[in-house]
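Just below is one structure, and these are the notes that go with it.
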Amino acid sequence: MPGSKEAKPHLANDQNGSSGAPPGTNPNDPSNFQKNPALVQSFYGIAYTPLGSQLPDCGNSLAEVIEDVQLMSQLTTRIRIYGADCNQSSLVLAAIQETKVNLSVYLGNYPDPTDNGTAYERQKGEIQTALQTYGADHVLGVTVGNEFILDYITQAGQTDPNGSAGQAAAAILIPFINDTRAMLSEMGLNLPVGTADAGSYFNNDVLEVVDYGMANVHPWFANVSINDAAAWTAEFFESTDVSLAQSLTNKPNMFIAETGWPTNTSTFNYNPNDGPSLASVANLQYFIDTFVCQANQNGTGYFFFEYCDEPWKAVQYGGVEGYWGLFDSNKNFKNLTIPTCSS
């Protein structure tokens, strides 16, 4: 329950950890690890979900998350996570503490619009516990909702985020956002509170009560060719999301929550007409080459999607869903070259 205390996770007590830590890692000091020269800290941010963070199994572990943090800290200084189930918030903050890396996180609460707040309250308690245990020095904000409006209005058979279904969804989500802000205030924390949604599905009333919005902007799902993907992403984000935010009285900061390019597809739910360009490592490389440094130079805040492939998505959803990682599911860096540019 909210405010409840949990024991800090300790690496020594972790029985489910990976033995695949970066070469040269001191098992008694995760801050002492060998850097991979192929990794360059050029990304503004990276979208991250610890493997095994889905209920009811919760197969994640501190050892695995430490390994992830060691690798991601060589690519960026910022990550975002989507939810708080399976102790994600505490595991990430514990891993940052153990590794002593320069990495901060947007925590997330992934509520369900159909359960009368059960998922929200459960994750609120996890976030509160993590903040009580590890503090907020490495926390950039708390994101409440992930494609909440999109999912709700799609279920209702509508497309307008400000239509009747969008307003009904906002009436559910806004109290969660306000409650999160109140929780943080009661803890003496002045952290930004935001929401994440599909790029063209922000509800105006929701954006007017947040400090920031995070927009999923995927050229692949918009059927954009790889040659046009980076330019389309930048233009869509500016004209759709930044423009909307600037029209509101509170002018929330806007970030790209997800963008990237898939590298493979599953035979399950495979659609050869998913887009005009292939899902391939070569095309991911092209997107990196044409998007990352340009976005950094333009001052665009973005979270590259994503850290590593997620096999459970390939099983549950098929198609390209499981293959968006910079690393494969075994945390091997794909055959990519990261450009050198300040983030």
Requested in this report: Go through the range 159-174 and give me each residue that's loosely packed, with under 15 Cβ neighbours inside 10 Å and assigned to a loop (DSSP other than H, G, I, E, B).
Outcome: Thr159, Asp160, Gly163
Query raised in the report: Here is a list of conditions, (1) touching a residue at least 40 places away in the same chain (Cβ under 8 Å); (2) not in a loop (DSSP other than H, G, I, E, B), and Gly322 meets all of them except one; can you say which number that is?
Result: (2)
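Looking only at the range 67-82, which residues are in a loop (DSSP other than H, G, I, E, B) and touching a Leu at 6+ places or on another chain (Cβ under 9 Å)? Spell out the reasoning first.
Start the filter on the range 67-82 by keeping residues that are in a loop (DSSP other than H, G, I, E, B), which leaves 73-77, 81-82.
Answer for the range 67-82, where residues must be in a loop (DSSP other than H, G, I, E, B) and touching a Leu at 6+ places or on another chain (Cβ under 9 Å): Ser73, Gln74, Leu75, Thr76, Thr77, Ile81.
Inspect all residues belonging to the range 90-98 and state whether any of them is assigned to a loop (DSSP other than H, G, I, E, B) and either touching a residue at least 24 places away in the same chain (Cβ under 8 Å) or surrounded by 22 or more Cβ atoms within 10 Å (Cβ to Cβ) (or both). Break it down into steps so the answer makes sense when it comes.
Within the range 90-98, the first condition is being assigned to a loop (DSSP other than H, G, I, E, B), and the residues that meet it are none.
Taking every residue of the range 90-98 in turn, none turns out to be assigned to a loop (DSSP other than H, G, I, E, B) and either touching a residue at least 24 places away in the same chain (Cβ under 8 Å) or surrounded by 22 or more Cβ atoms within 10 Å (Cβ to Cβ) (or both).
What are the residues in the range 286-319 that are within 18 Å of Met214 (Cα to Cα), in a helix (DSSP H, G or I) and either modelled with pLDDT under 95 or not aromatic (Phe, Trp, Tyr) (or both), if any? Before you say what the answer is, go through the steps one by one.
Of all residues in the range 286-319, those within 18 Å of Met214 (Cα to Cα) come to 291-292, 295-296, 298-307.
Okay, now just the ones that are also in a helix (DSSP H, G or I), so 291-292, 295-296, 298.
Selection gives Val292, Ala295, Asn296, Asn298.
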Report task. Output the residues belonging to the range 48-58 that are more than 13 Å from Leu103 (Cα to Cα) and not charged (D, E, K, R). Result -> Thr49, Pro50, Leu51, Gly52, Ser53, Gln54, Leu55, Pro56, Cys58
Query raised in the report: Looking at Gly125, Gly163, which is the one that is over 20 Å from Phe255 (Cα atoms) and in contact with a Pro (Cβ under 6 Å, 6 or more places away or on another chain)?
Result: Gly125
Requested in this report: Sort through Ser61, Ser73, Ser42 and tell me the only one that's modelled with pLDDT under 95, of a type in the set (Gly, Ala, Ser) and surrounded by fewer than 24 Cβ atoms within 10 Å (Cβ to Cβ).
Outcome: Ser61
**Report entry** Single match in Val139, Val105 (criterion: farther than 25 Å from Thr240 by Cα, buried (at least 23 other Cβ atoms within 10 Å of the Cβ) and in contact with a His (Cβ under 9 Å, 6 or more places away or on another chain))
**Finding:** Val105
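The values are calculated or read from the model by the stated rules, or taken from the named source; none is laboratory data. Remember, it's a predicted structure, so these values are computed and weren't measured experimentally. Cβ: placed from backbone, ideal geometry, glycine included. Neighbour counts: every protein chain shown.
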